[in-house]
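Chemist: Questions regarding the structure given below will be posed in turn.
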Amino acid sequence: MADQYDYDLFTIGAGSGGVRASRVAAAHGARVAVAEEYRVGGTCVIRGCVPKKMLVYGAHFAEDLEDAKAFGWTIEGKSFDWAALRDAVQNDVTRLEGLYGETLSNHDVTVLNEHARITGDHQITLASGKIVTARYILIATGARPFIPDFRGNEHVITSNEAFHLDAIPRRILIAGGGYIANEFAGIFNEFGSKVTLANRSDTILRGYDESVRDRLLQISLTKGIEYCFMAEFEYVEKQDDGSLRVKLTGQDERIFDVVMVATGRVPNIEGLGLETIGVECGKRGEIVVDTFSRTNVDYVYALGDVTDRVQLTPVAIREGQAFADSVFGEVEPYAVDHSCVPSAVFSHPPIAAVGMTEGEARNTLGSVKVYQADFRPMKNVVAGRNERSLYKMIVDAATDRIVGIHMIGPEAPEIMQAAAVAVKAGLTKADFDATVAIHPTMAEELVLFK
Ligand SMILES: Cc1cc2nc3c(=O)[nH]c(=O)nc-3n(C[C@H](O)[C@H](O)[C@H](O)COP(=O)(O)OP(=O)(O)OC[C@H]3O[C@@H](n4cnc5c(N)ncnc54)[C@H](O)[C@@H]3O)c2cc1C
């Protein structure tokens, strides 16, 4: 049966989900090819999580070097070289791209570095004109930045370009209220840019717990980040000196050196030929799938950001693993559990969260107990940095089960990864109380809530 096709599996997109699915399917014995039109590794490795986190590390030195004085260190002549950091990050991205390519070839996956589109039943046509057939097709084409429609939008950049700037802008406007906007606001602010964050609503980080969002706003304002709420683009005009004249609703015209939009991401479905075989898409352009990542066409699957379920790398990877095991492995088909997915915002300081916010818990459960620790980390006290952390635990009053943890403070994502295991496992507040603290740490607050 398999031999009537060139491949058992043809994956479109070698990002987080596509690489995992292809490699695991091949390990199960399938003949696999994957097409990638840009760079193997996808968004996360090439222009997302990985280079972003490296910039976050680089940026945070601004505060660490400042704080070092209070710990007795004299650092003379400190300066920051953006080009050095940018190039170091890009070198590592290239190294990782190579590793991902090696992983695929070590598993005998054929990598085709070109655009692919579906041109018929079980049929894919590559940019080079080559036509191949496959028993199964997996669409793992990810998402791309959404740029709103306004006059002059050709002058803005997105996160894709932010990693390659020639210089750190003196004045940057970042549009958006989500995690990417807030992370880059923190990064550029630490590098010395005057950062303005504009959002069309009156809040940032929708979906995160309100107290934690308010704390980030308050700390960011103290650090000098400016916020414009209820502001949408009217126009952007390029001036003779290269700077950008920007008009936002409700604001006077302002001049910036760079305007970056981080106003959401849209599924990559254009030019894929989905209509050729009738693959169903939803209102936001997402490919509609069931819990097993199956589309309405029985041999076509889709996973990761293009399905717009939870747009995070570890989720795309799990979906890729589950797909490959279920279709090509000797296991009962299984689905990925999308509940209780922990997440982080690598702002300065970072945020981490798992489970329900206080608002969601009150609406869903009725009776909840909320425990809160609002404290100044020891390091900040010594450094004279007036920046307080906030940890919140949400407990179902009826069962004592912890239904959510929300944190903002140094290393919150590192601490959260372990705490998320406990929440996912359904542990109770009493279980946390029974655990002895590690002292002195920030994380000990999690077992000392009163
Ligand atoms: C700035 C930024 C920061 C992020 N930070 C984090 C983070 O800290 N943590 C986290 O978990 N997630 C983060 N993400 C999200 C994460 O990168 C994505 O959720 C993840 O990469 C999705 O994986 P995927 O396999 O669905 O798609 P992708 O990784 O986007 O891969 C899709 C691939 O398909 C290719 N492609 C598309 N169409 C075609 C075609 N027709 N033919 C051939 N190839 C094609 C693309 O070139 C791309 O390489 C971040 C994203 C961004 C943009």
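Chemist: May I ask you to say which residue of E37, E63 is near the ligand (Cβ under 6 Å from one of its atoms) and either open to solvent by 10 Å² or more (accessible area, probe 1.4 Å) or not small (G, A, S) (or both)?
Modeler: The match here is E37.
Chemist: Now for a different question. Could you list, in sequence order, all residues of the range 253-292 that are among the β-branched types (V, I, T), within 15 Å of the ligand (Cβ to nearest atom), farther than 25 Å from I168 by Cβ and touching a residue at least 40 places away in the same chain (Cβ under 8 Å)?
Modeler: V266, I269, T276, I277, V279, I287
Chemist: Here is a further query. Determine whether the range 135-146 contains at least one residue that is aliphatic (A, V, I, L, M) and closer than 30 Å to Q239 by Cβ.
Modeler: Checked the range 135-146: no residue is aliphatic (A, V, I, L, M) and closer than 30 Å to Q239 by Cβ.
Chemist: Inside the range 324-336, can you point out the residues that are closer than 12 Å to H28 by Cα and either open to solvent by less than 50 Å² (accessible area, probe 1.4 Å) or polar (S, T, N, Q) (or both)?
Modeler: A324, D325, S326, V327, F328, G329, listed by residue number.
Chemist: Look through the range 67-106, keep the residues that are surrounded by 15 or more Cβ atoms within 10 Å (Cβ to Cβ) and of a type in the set (S, T, Y), and return whichever of them is nearest to the chain's Cα centre (by Cα).
Modeler: Y100
Chemist: Is it the case that R376 is open to solvent by 50 Å² or more (accessible area, probe 1.4 Å) and under 21 Å from V341 (Cβ atoms)?
Modeler: No: the conditions fail for R376.
Chemist: Next up: Of the residues R362, R309, only one is without any contact (Cβ under 8 Å) to a residue 60 or more places away in the chain, charged (D, E, K, R) and either surrounded by 15 or more Cβ atoms within 10 Å (Cβ to Cβ) or outside the structural domain of V395 (by TED's automatic domain parsing) (or both); which?
Modeler: Within the list R362, R309, the selection yields R309.
Chemist: Select from the range 268-297 the residues that are among the basic types (K, R) and assigned to a loop (DSSP other than H, G, I, E, B) and write down the one among them that is nearest to the chain's Cα centre (by Cα).
Modeler: R284
Chemist: Would you mind stating whether V382 is touching a Phe, Trp or Tyr at 6+ places or on another chain (Cβ under 8 Å), of a type in the set (A, V, I, L, M) and either under 19 Å from H439 (Cβ atoms) or free of Cβ contacts under 8 Å to residues at least 12 places away in the same chain (or both)?
Modeler: Criteria met by V382.
Chemist: Please identify the pairs in which a residue from the range 9-30 that is of a type in the set (K, R) and within 9 Å of the ligand (Cβ to nearest atom) has its Cβ atom under 7 Å from the Cβ atom of a residue that is outside any loop (DSSP other than H, G, I, E, B) and open to solvent by 10 Å² or more (accessible area, probe 1.4 Å), counting only partners at least 6 apart or on another chain.
Modeler: Close Cβ pairs (under 7 Å, with a partner that is outside any loop (DSSP other than H, G, I, E, B) and open to solvent by 10 Å² or more (accessible area, probe 1.4 Å)) amount to R20/I317; R20/Q321.
Chemist: If you don't mind, another one. Only residues that are open to solvent by 10 Å² or more (accessible area, probe 1.4 Å) and in a strand (DSSP E or B): list them for the range 209-237, please.
Modeler: E226, Y227, F233, E234, Y235, E237
Chemist: Now, a different point. Scan (1) closer than 20 Å to L99 by Cβ; (2) without any contact (Cβ under 8 Å) to a residue 40 or more places away in the chain; (3) more than 15 Å from the ligand (Cβ to nearest atom) for the single condition M54 breaks and write down its number.
Modeler: Of the numbered conditions (1) closer than 20 Å to L99 by Cβ; (2) without any contact (Cβ under 8 Å) to a residue 40 or more places away in the chain; (3) more than 15 Å from the ligand (Cβ to nearest atom), the odd one out for M54 is (3).
Chemist: Only one of these conditions is not met by V246: (1) within 14 Å of the ligand (Cβ to nearest atom); (2) of a type in the set (A, V, I, L, M, F, W, C); (3) open to solvent by less than 30 Å² (accessible area, probe 1.4 Å). Which number is it?
Modeler: Single failed check for V246: (1).
Chemist: Let me ask something additional. In the range 337-358, what residues are open to solvent by 40 Å² or more (accessible area, probe 1.4 Å) and of a type in the set (G, A, S)?
Modeler: S339
Chemist: Can you give me the ranges of the strands (runs of 3 or more DSSP E) entirely in the range 298-385 with at least 3 residues that are within 16 Å of the ligand (Cβ to nearest atom) and at pLDDT 95 or above?
Modeler: 300-302, 343-345, 351-355
Chemist: If you don't mind, another one. List pairs: first residue in the range 175-188 and over 22 Å from F80 (Cβ atoms), second residue assigned to a helix (DSSP H, G or I) and more than 11 Å from the ligand (Cβ to nearest atom) anywhere in the structure, Cβ distance under 6 angstrom, at least six positions apart or on different chains.
Modeler: Matching pairs, first to second residue: none at all.
Chemist: Sort through Y208, Y235 and tell me the only one that's touching a Lys or Arg at 6+ places or on another chain (Cβ under 7 Å), of a type in the set (F, W, Y) and in contact (Cβ under 8 Å) with a residue 40 or more places away in the chain.
Modeler: Of the residues listed, the single one that is touching a Lys or Arg at 6+ places or on another chain (Cβ under 7 Å), of a type in the set (F, W, Y) and in contact (Cβ under 8 Å) with a residue 40 or more places away in the chain is Y235.
Chemist: Right, something else. Report yes if some residue within the range 71-88 is touching a helix residue (DSSP H, G or I) at 6+ places or on another chain (Cβ under 6 Å), assigned to a helix (DSSP H, G or I) and outside the structural domain of E411 (by TED's automatic domain parsing); otherwise report no.
Modeler: Within the range 71-88, one or more residues are touching a helix residue (DSSP H, G or I) at 6+ places or on another chain (Cβ under 6 Å), assigned to a helix (DSSP H, G or I) and outside the structural domain of E411 (by TED's automatic domain parsing).
Chemist: Moving to a separate point now. Mind checking whether some residue in the range 362-373 is of a type in the set (K, R) and in contact with a strand residue (DSSP E or B) (Cβ under 7 Å, 6 or more places away or on another chain)?
Modeler: yes
The values are calculated or read from the model by the stated rules, or taken from the named source; none is laboratory data. Since this is a predicted model, take the numbers as computed values, not measurements. Cβ coordinates were reconstructed from backbone atoms using ideal geometry, including for glycine residues, and neighbour counts include every protein chain displayed. Just so you know, the surface numbers come from the protein's heavy atoms only, side chains and all, with ligands and any DNA or RNA stripped out. Shrake-Rupley method; radii C 1.70, N 1.55, O 1.52, S 1.80 Å.
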